[in-house]
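Accompanying notes for the structure given below.
Each reported figure results from applying straightforward, stated rules to the coordinates on display, with no laboratory input. Treat the numbers as computed from the prediction; the structure is a model and nothing was measured. So basically every Cβ, Gly included, is an ideal-geometry build from the backbone, and we count neighbours across all protein chains shown.
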Amino acid sequence: MTTKHRILIGKPGLDGHDRGAKVIARALRDAGYEVVYTGIRRSPAEIAAAAIQEDVAAVGLSSLSGAHLRLFPAVVEELRHGGAADIAVLGGGVIPEDDVAVLLAAGIKAVFTPGTSLEEVVQAFAAVCDEQ
Amino acid sequence: MSNHPAYTKWADNQLAKSLQRFPERRARFIHHGNTEVPRLAVPADIDQNYLDQLGFPGQYPYTRGVQPTMYRGRLWTMRQYAGFSTAAESNKRYRYLLDHGTTGLSVAFDLPTQIGYDSDHDMALGEVGKVGVAIDTLADMETLFSKIPLGKVSTSMTINSPAMVLLAMYVVVAEKQGVAMADIKGTIQNDVLKEYVARGTYIFPPRPSLRLITDIFQWCGSNTPAFNTISISGYHIREAGSTAVQEVGLTLANAITYVQTALDAGLELDVFARRLAFFFNASSDLFEEVAKFRAARRMWARIMKERFGATNPSSWMLRFHTQTAGNTLTAQQVDNNIVRVTLQALSAVLGGTQSLHTNSRDEALSLPTEESVRTALRTQQVIAHESGVANTVDPLAGSYFVEQLTDRIELEATDLIGRIEDGGGVVACIEDGFIQRQIENSAYDYQREIEEQERIIVGVNDFVVDEESKPPLLRVAPEVEDEQVARLTTLKHERDNADVAASLDRLADKARTDTNLMPLVIACVRAYASLGEICDVLRGEFGEYRDRQ
């Protein structure tokens, strides 16, 4: 394994369900990444600022409240504003299949729906980090 | 039947009284072939251990249930949690559910409402009307309960940090309908402690939050005696990943904290204790879940009687609502979820729940459609009317396995409560992250078991198929947010803003004292002050909580 990157896991919006976010943060740590978790209820601007400040390679977003279509692209937009368009954004949660394509088109690199294995999530982060 | 003197005493007293007050649903309960179903099966040789550990239903320590005849007298309340979009849309769904035989309402609020933000707040972006209904002012609440008689229907409201505000709105709507306060029936969740470790809709720090809760206990004790002032919830702790033992231990530790806080404020134990309600999760391990409900009931009876010295039997009874486990639903092969929900609901009924919400098959994908909500309700009706399990009381009692499980859960949950108390109590253990770590570790272990196929989830890590057809999903239109904001803006122009400002000022003044804030919040609500405005006043006085990441 080469040098591992840093990853930020963020909970945008008001959704407090962070079981998944925490489990994924831990799985990424076990895979050797340095992981920063924002905690729940952060605005897209706060998440982007934290990502830039922590100099991460990728951001993983989680939302289970149905607000992903507004919030995930807003993080991508805030990163672009902050001159950090190179930071990859991935997302997951209770996301209907039809929304996956919309999110991918809005610049989210990968979208994980319920039932995705940890292995698959870790591999997707590895892939975007390796591109950096 | 038994001729043991303890049995006779129970039959002549508790049972006879109960039969007189609440006649059973049928004159006889029979199997096909006309054999009678016994009301209560008991051992042939009732010994002291049976009397201490199990006893009879409706009698301390309530292991076998809080009512002598349980569902033979009255079935559990079938209460489906619902709400989305606007107050008008949710009102339609409630009336649909009432028409289809639901017997109690359960209101889901959207996240901005639950966190005390108006729909036009920056943080409300994208969340308005999504996981529940958006309520900004009394006007929305009037629409929500339009043509629903609040003197007849009991309403459960999943609201925590701003519970006082929503309760105030409910009280004012009922009053406008001409309903006497004593006739208002329902429950507010009002359980803030678990929000810090599991659910996340906290606003204020723990200590002022506990003060608001105590104010509600006190106000309801003298104004709305039939209203449950809190629903102390293990549900979300379990959803966040805890084990069954942790669910019971952490929930009862929170309950002990609420009781102690109210006692410290000078409230009378046997007045407020009988209006404490509980809310548990029904997950997939059928027998462990049944044992969990039975153990929780016995533990609470002992805590209230032996530790706190409550003397009214109503104070000893753990009455609870149950919801099937949302986290066990899969997005794959969604119809399998109907089967999961059936088994989970069965555990709740075998465990003696007072009310039940069954999840819908499509909830791993989005909010449920009307059709899948109906199937979920039908699941309860099949259990109630076809399975026969409601025809006898506590049918699993005496099973070596279930009794051993019940004893183990009581022992281990009691040990966890002890460790929390050694750590300075619930608030200290939230502040230092002990409770959060307990839950996170269990959640991670569970996920690893799935990854390693030690735990099989049908359709997810085994028995997988390629699926082509996806079920139709309910979507909340994005315009809902803009419309709700527009309604709020109009209302803010049209109301008497001097009246609003005056009522908010009075609230701010009194928040600095130890005056009960409920009457002041009612005055704000009546003036059409918004939820966000009221919560902002309290934020100014109490401060805001940030989690410890």
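Pairs, please: C-beta under 8 Å, at least 6 apart or cross-chain, first residue over 17 Å from B:Tyr235 (Cβ atoms) and in region B:181-193, second β-branched (Val, Ile, Thr) and assigned to a strand (DSSP E or B)?
From region B:181-193, the pairs are B:Lys185/B:Thr155; B:Gly186/B:Thr155.
Would it be correct to say that B:Gln67 is of a type in the set (S, T, N, Q), out of contact with any helix residue (DSSP H, G or I) (no Cβ under 6 Å at 6 or more places or on another chain) and crowded, with 19+ Cβ neighbours inside 10 Å?
Taking the combined requirement at face value, the residue satisfies it.
Are any of the residues in region A:81-92 more than 14 Å from chain B (Cβ to nearest Cβ) and among the acidic types (Asp, Glu)?
Yes: one or more hits.
Kindly establish whether B:Lys510 is crowded, with 17+ Cβ neighbours inside 10 Å and either of a type in the set (Gly, Ala, Ser) or in a helix (DSSP H, G or I) (or both).
no
Return yes or no: is B:Arg475 part of a loop (DSSP other than H, G, I, E, B) and within 9 Å of chain A (Cβ to nearest Cβ)?
Answer is yes for this residue.
State all residues of region A:29-38 that are within 12 Å of another protein chain (Cβ to nearest Cβ) and either crowded, with 18+ Cβ neighbours inside 10 Å or under 12 Å from the mean Cα position of the chain (by Cα) (or both); if no residue qualifies, say none.
A:Val35, A:Val36, A:Tyr37, A:Thr38
Quick check on my filter: what residues within region B:213-249 are under 27 Å from B:Arg437 (Cα atoms) and in a helix (DSSP H, G or I)?
B:Ile213, B:Tyr235, B:His236, B:Ile237, B:Arg238, B:Glu239, B:Ala244, B:Val245, B:Gln246, B:Glu247, B:Val248, B:Gly249, listed by residue number.
Of all the residues that make up region A:1-19, how many are at the interface with chain B (Cβ under 9 Å from one of its Cβ atoms) and of a type in the set (Gly, Ala, Ser)?
The number of residues fulfilling the criteria is 2.
Hey, could you check region B:320-349 for residues that are hydrophobic (A, V, I, L, M, F, W, C) and over 18 Å from the mean Cα position of the chain (by Cα) and say which is surrounded by the most Cβ atoms within 10 Å (Cβ to Cβ)?
B:Ala331
Filter region A:43-80 down to the residues that are surrounded by fewer than 21 Cβ atoms within 10 Å (Cβ to Cβ) and touching a Gly at 6+ places or on another chain (Cβ under 6 Å), then identify the one that is farthest from the other protein chains (Cβ to nearest Cβ).
Result: A:Ile52.
Can you confirm whether region B:194-207 contains a residue that is within 24 Å of B:Glu410 (Cα to Cα) and away from chain A (no Cβ under 14 Å)?
Looking for residues that are within 24 Å of B:Glu410 (Cα to Cα) and away from chain A (no Cβ under 14 Å), one finds none in region B:194-207, hence no.
For region B:87-128, what are the residues that are surrounded by fewer than 24 Cβ atoms within 10 Å (Cβ to Cβ), of a type in the set (Ser, Thr, Tyr) and over 20 Å from the mean Cα position of the chain (by Cα)?
Correct list: B:Tyr96 only.
I'm told B:Ile456 meets every condition in (1) more than 30 Å from B:Thr257 (Cβ to Cβ); (2) more than 11 Å from chain A (Cβ to nearest Cβ); (3) out of contact with any strand residue (DSSP E or B) (no Cβ under 7 Å at 6 or more places or on another chain) except one. Can you identify the failing condition by its number?
Unmet condition: (3).
From the list A:Val100, A:Val121, exactly one residue is out of contact with any helix residue (DSSP H, G or I) (no Cβ under 8 Å at 6 or more places or on another chain), surrounded by 16 or more Cβ atoms within 10 Å (Cβ to Cβ), of a type in the set (Val, Ile, Thr) and within 14 Å of another protein chain (Cβ to nearest Cβ). Which is it?
Selected residue: A:Val100, the only one of A:Val100, A:Val121 that is out of contact with any helix residue (DSSP H, G or I) (no Cβ under 8 Å at 6 or more places or on another chain), surrounded by 16 or more Cβ atoms within 10 Å (Cβ to Cβ), of a type in the set (Val, Ile, Thr) and within 14 Å of another protein chain (Cβ to nearest Cβ).
Among the residues of region B:116-138, which ones are away from chain A (no Cβ under 11 Å) and hydrophobic (A, V, I, L, M, F, W, C)?
Within region B:116-138, B:Val133, B:Ala134, B:Ile135, B:Leu138 qualify.
Among the numbered criteria (1) without any contact (Cβ under 8 Å) to a residue 60 or more places away in the chain; (2) surrounded by fewer than 23 Cβ atoms within 10 Å (Cβ to Cβ), which single criterion is violated by B:Phe145?
It is condition (2) that B:Phe145 fails.
I need a count of the residues in region B:174-203 that are surrounded by fewer than 21 Cβ atoms within 10 Å (Cβ to Cβ) and in contact with an Asp or Glu (Cβ under 9 Å, 6 or more places away or on another chain).
Of the residues in that region, 2 qualify.
Looking at region B:433-453, which of the residues that are of a type in the set (A, V, I, L, M) and within 9 Å of chain A (Cβ to nearest Cβ) is farthest from B:Arg546 (Cα to Cα)?
Looking at residues that are of a type in the set (A, V, I, L, M) and within 9 Å of chain A (Cβ to nearest Cβ), I get B:Ile450.
Looking at B:Thr143, B:Thr102, B:Thr113, can you tell me which residue is of a type in the set (Ser, Thr, Tyr), away from every other protein chain (no Cβ under 14 Å) and farther than 16 Å from B:Val373 by Cα?
None of the others qualify; the one that does is B:Thr143.
Give the residues of region A:1-22 that are more than 15 Å from A:Val59 (Cα to Cα) and of a type in the set (A, V, I, L, M, F, W, C), sorted by residue number.
A:Met1, A:Leu14
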